[in-house]
Ligand SMILES: Cc1ncc(C[n+]2csc(CCOP(=O)(O)OP(=O)(O)O)c2C)c(N)n1
Ligand SMILES: Cc1ncc(C[n+]2csc(CCOP(=O)(O)OP(=O)(O)O)c2C)c(N)n1
Ligand SMILES: [Mg+2]
Ligand SMILES: [Mg+2]
């Protein structure tokens, strides 16, 4: 076990996977010479050569579109989108081809590509470096979506995504790239897709979160210490969802707060709440509450902390449920 | 009152609005010379000239991007995306600019543009002429979304969208473009955004739907005649949502079926269900059930009817709730 | 070879039997010439029969390619079997040239799962519907094969309208930067449904776009199967030599509706259409072969009969396909389907069954 | 005017004081020459101070434009006040040339709402962050103004990397088709963060892309303010004459990091950077003016002092801005905010208040 930051864990995962499988290649803007603007791909170009860690032209749709062709040529391309909001130009390729091509071939051809990107706010960055676009990806058939919340999961989910026979989108909480350190297994480390993680056990309340909202949920749970014992579920894979874990965590306490950084309306938290409304009716002792970003453009960074779900807002929601 | 098909009503609305306001212009692929592949813009080029009904190059991002500039020049552009699935290239402009530009200007500049497109399946078309992409649009801050289900609303919501100071996306049920006729008020006709429509009153069950799923909900309600009396709510404007109407319709029966054609996961029905899970808890007598398309690529058209929500599936859901 | 000088360097091989002399293409045997004729007739027959089948309600909406056959045959004939073809809906039947059964393609237009072939069986990618989006796929495949040291080219077919799409631009640029062995084949027919080329671009020629990517751009008469063949052969040679992509602009005219659903009367000049139909590519090539004394009436008749039979057999087989099973809704979306698919399918069967 | 012949038609006016003679631009008075000098110094000062302010933690991440001043001043000087400017983050301070307060731009980099100006007050659009996506905006505005019979041009600034984006392509094509009076101004510096031009395109020059859109393409030395001015003036004249857009490729070299967050040592040749810094545009222009005898030490000093004072005042004013109120989260998203906004804000105040 090594103690690594979240982005170091991703870099470590890349080195292990490219070493393990010669078909894996990395492409994107500035992933090669610079090793990525966050250094997630540092050292790959020197170690595996410029053909397996490619600085592409500045063209997100072209990157993902060519990755489709690379899959057809037998590669397992891992595409980096430099930031969340700069992934939008690739949505067309993702929706019209990446998620559909396997189906088109009657299952005869696999498209084992990965699209990964830093996502989320709180980093005092200029406009459009702060988005949480997971809902766009989750709603798209044919693609899987994972979001790690710890260094170990960041490495393990990336490995699982790279090894998966289907397209996987991985969003990485950039807020914690360098601010979060944790124990990370050395060498090969795979966290299977489709398995949620129980962060802590509790009896009175259940917090459901993923990515950068997991540490926040933990802080909120700490703030409630003495008052209520909180179960925290880290979804980890948004699609396919570990529905059993969700239902179990909800049934255990009957009081659920879902925390999501993205704007509320039609965000992923709505899907989780809808599943509970359909399948956990008799287990729920209180309304299902969402604590989310607001339905507005991500703001000027001087007030971004007020946009982001906060410990205060999660605790407030918890109090509502406890008082219900 | 004239008896028009749904697409005739849209065309009528265009003629009225372009006549009323010289700042309104239409642009898109084949909207001019051909009057649109569905004839929604027929006659506009001849009547208002090639500068107010423009055949653009084949470039969806360019169409919407230039519409942003056209707004800055004082126009009210109405952009046609030729089909649902061909609107995806414009998502980047929509998310990064259309929904944000007013905010960037501190509210000083308005972007009164409309993006409209035929959407949905059931028309025996080749691949990618059948998508229901509303969730992508609804989740995007700064844009409003409307989906009519009748000829009169198709005209009235288009007029409201054109007159609205903010960007509005209008999805039109292409399945009913020519198969649905109805009374349409002549001349100016505006259906305000943000108001749902009670299609019929009922006491035992509530069906919530929009667009092409509204007639289906009505057929399902007919099929249940004698067995249960069904309230049907047509959401009409997905954002801003008429939340009061939704909560009232749910409270009235306590048993809610939401019908959506799009794939289930993270679709708009999830948002409706989530709102009920948070705000209608004490009114609900049964789980909130979603009847939706499946989480797969829209299928080969020979089996598309099995993909689409059917009267049978809605009735089956209704029986579940009645038996709960 | 002798290519005629033509307006805007439009390359031609076939003359007009009068003032304009015939040229010839080096290295093409009589057998090659007749095989390309057979292929032209095959595509022409497929297209004409498909329009009939559509009228009879036996296939759905269909994108007509009447008059585009020479572009498809000439270019595909310059490829090896290992080379990959990325067709748009306009080249839906190009797989026939590699033995893909007519029934398969007809099934595609019938919306039946039997129409979705395995691209690896024919090195023919799935029919691309969203305009221009397959250009990066072809670039990526060609680049990826090159990286693996496989000597394989790719060709992507798209129209004049497609050159306006960002996907074309990003794919072409990426192909050039990676020196991918890919041919970007533009069918300039010069309409995008109802939008004329003049509303599509202000460029003098579409080949002018090539310089902006640092690749050669070639203009060829798209109704001249031999000129198309020769231009493509040169592009393939460049690609195999590691010199990267080529943009070929094949100029023709869309004399048929965009698709069976389209009525061009609203926007097209029907007299112009009539003129253009006189120059259609199959007749032109037959006349050329006859002037060369290579094609006999019997041979031509035999080829037509063979194609007609293939279509009869094709539609019969397509219509003989058993109805698609519901379970196909959930097949092929993922390698390992999520548990929800099984329960969704079970519920669907129960509901429809009951 | 006398433009020097240069490699790949790179237009120059300013000589090197030795072998290469100075040229001059017709119609520019001494006052014009000095005003452009003032503007160069203004931008240079803004940039250098901003880097310091960033180190002091007074502004956030900042995109440095050291060495890009001549491109911005020369091109903007060829515009009228009614003409619209569409800057990228690289031209964040170009509004200064129209009197936009430094405090406003500094506030943008400070992430404070005071940094979001009203574009109509200055005919300077919002700073565009997503690469190339403002090209269609500029095209649309110019087209829209033309349709209204207003004699207004637009200019869009973007980099070499931006030319790879589909948005650039679609915007440029649309501008040409509509003959929009817009100048597409490409700052070829020739890096996109760490990606060299050679990995961005295989084209010989970026100006070669112009032919593909049917517009003129001009290459100019981006460190020569007068050459940039003159080329832009010609493009503006064409635009006003109804002849449509022009692509200007201004060639320079990025000698600073991409932004304050970037460390180029990993990818750039530092010796090359040093050489290039010797050719930087402000010093070159000052030497030119001195050779002409137009610029005195006092005048130069005065201009620098004025600029320094403007920055001191700017950062003071920016830092004097009151903290942004939470309610701004919900302002400006919609003309009429939905009811949910009021309750969201009330809840937020309650929660944070308590
Ligand atoms: C991205 C996208 N936008 C719109 C369409 C609808 N559409 C189908 S064919 C067509 C015209 C294509 O013209 P062109 O590229 O010249 O090819 P052609 O049909 O003439 O062969 C359009 C707009 C589409 N299929 N994909
Ligand atoms: C669509 C998009 N993708 C990626 C980025 C991240 N990014 C910011 S600047 C930059 C490089 C731009 O290079 P260039 O166009 O040459 O302009 P320059 O910065 O050199 O002025 C990149 C990739 C972005 N801002 N937008
Ligand atoms: Mg065409
Ligand atoms: Mg650059």
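All of the numbers you see were taken from the coordinates with simple rules; none came from a lab. Predicted, not measured: the structure shown is a model, and the values here were computed from it. Cβ sites come from the backbone with ideal geometry, for glycine too, and all protein chains shown count toward neighbours.
Per residue of the protein assembly as shown, the DSSP helices (runs of n ≥ 4 H) give a summed -39500 (n - 2.57) that works out to -11500 deg cm²/dmol at 222 nm. Cβ-Cβ distance of residue D:58 and residue C:326, R₀ of 41 Å, FRET efficiency by 1/(1 + (r/R0)^6): the value works out to about 0.05. Each eigenvalue of the Cα gyration tensor of chain A, multiplied by 5 and square-rooted, gives one semi-axis; in descending order these are 33, 20, 19 Å. From the Cα gyration tensor of the range A:265-324, with a ≥ b ≥ c the square roots of its eigenvalues, which class applies: rounded if a/c is under 1.5, or else prolate if a/b is larger than b/c, or else oblate? Cα axes put the range A:265-324 in the oblate bin.
Considering only C:121, C:344, C:224, give the residue with the highest GNM mean-square fluctuation for chain C, with springs between Cα atoms whenever their separation is below 10 Å. Evaluated over chain C, the most mobile residue of the options is C:344.
Ranked from shortest, the separations from the 7 Å Cα-to-Cβ label point of residue C:242 to its equivalents in the other copies are 5.4 nm. Using the Cα gyration tensor of the range A:189-284, with a ≥ b ≥ c the square roots of its eigenvalues, what is the shape: rounded (a/c below 1.5), prolate (a/b larger than b/c) or oblate (neither)? Rounded shape, in that the Cα axes give a/c under 1.5. Between 0 and 90 degrees, the angle of helix A:213-223 with respect to the longest Cα principal axis of chain A falls at about 30 degrees.
Points 7 angstrom from Cα along the Cβ direction at residue C:121 and residue D:198: gap in nanometres? Between residue C:121 and residue D:198, the simple spin-label model gives 4.6 nm. Compute the distance from the alpha-carbon center of the range C:15-29 to that of the range C:96-123, in whole Å. Answer, in whole Å: 35.
Relative to the longest principal axis of the Cα atoms of chain A, the long axis of helix A:311-323 makes an angle of roughly 40 degrees. Taking every residue in C:155-166 and counting other chain Cβ atoms within 10 Å of its Cβ, the average works out to 5. DSSP beta bridges fully contained in the range B:128-275 are about 30 percent antiparallel. Measuring between their Cα centroids, the range B:1-46 and the range C:247-301 lie 35 Å from each other.
Computed from Cα atoms, the angle from the helix C:30-55 axis to the main principal axis of chain C rounds to 50 degrees. Ascending distances from the residue C:58 label point to its copies in the other chains, with the point 7 Å along the Cα-to-beta-carbon line: 8.1 nm. Once both labels are positioned 7 Å from their Cα atoms along Cα-to-Cβ, the gap between residue A:178 and residue A:46 label points is 1.9 nm. Taking only the C-alpha atoms of the range D:112-178, Rg followed by Dmax gives 12.9, 39 Å.
Other protein chain C-beta atoms within 10 Å of residue C-beta, averaged over C:264-272: 2.
Residue B:108 label point (Cα plus 7 Å toward Cβ) to equivalent points in the other copies: 6.0 nm, shortest first. Classified by the C-alpha gyration tensor, the range C:247-332 has an oblate form. Its axis ratio a/c, with a ≥ b ≥ c, is 1.5 or above, and a/b does not exceed b/c. Could you tell me the calculated FRET efficiency between residue C:259 and residue C:287, based on Cβ-Cβ distance and R0 = 41 angstrom, to the nearest 0.05? The formula returns an efficiency of 0.90 here.
Ranked by the mean number of other Cβ atoms within 10 Å of their residues, highest first, the peptides C:135-141, C:208-214 come out as C:135-141, C:208-214. Percent antiparallel among DSSP beta bridges with both residues in chain A, to the nearest 5? Restricted to chain A, the bridges split so that about 20 percent are antiparallel.
Inter-part distance, the range A:195-254 to the range B:87-102, computed on C-alpha centroids, equals 34 Å. In terms of the mean number of neighbouring beta-carbon atoms within 10 Å, the peptides B:293-301, D:168-176 order highest first as D:168-176, B:293-301. Out of the DSSP beta bridges found with both residues in the range D:144-206, what percent are antiparallel (nearest 5)? Approximately 25 percent, going by the DSSP bridge assignments. Computed packing ranks the peptides C:82-92, C:183-193 as C:183-193, C:82-92, most packed first, by mean other Cβ atoms within 10 Å.
Among the residues of D:112-122, the average count of other protein chain beta-carbon atoms within 10 Å of the residue beta-carbon is 4.
Between residue B:186 and residue D:240, what's the calculated FRET efficiency when r is the beta-carbon distance and R0 is 30 Å? Round to 0.05. Calculated value: 0.10.
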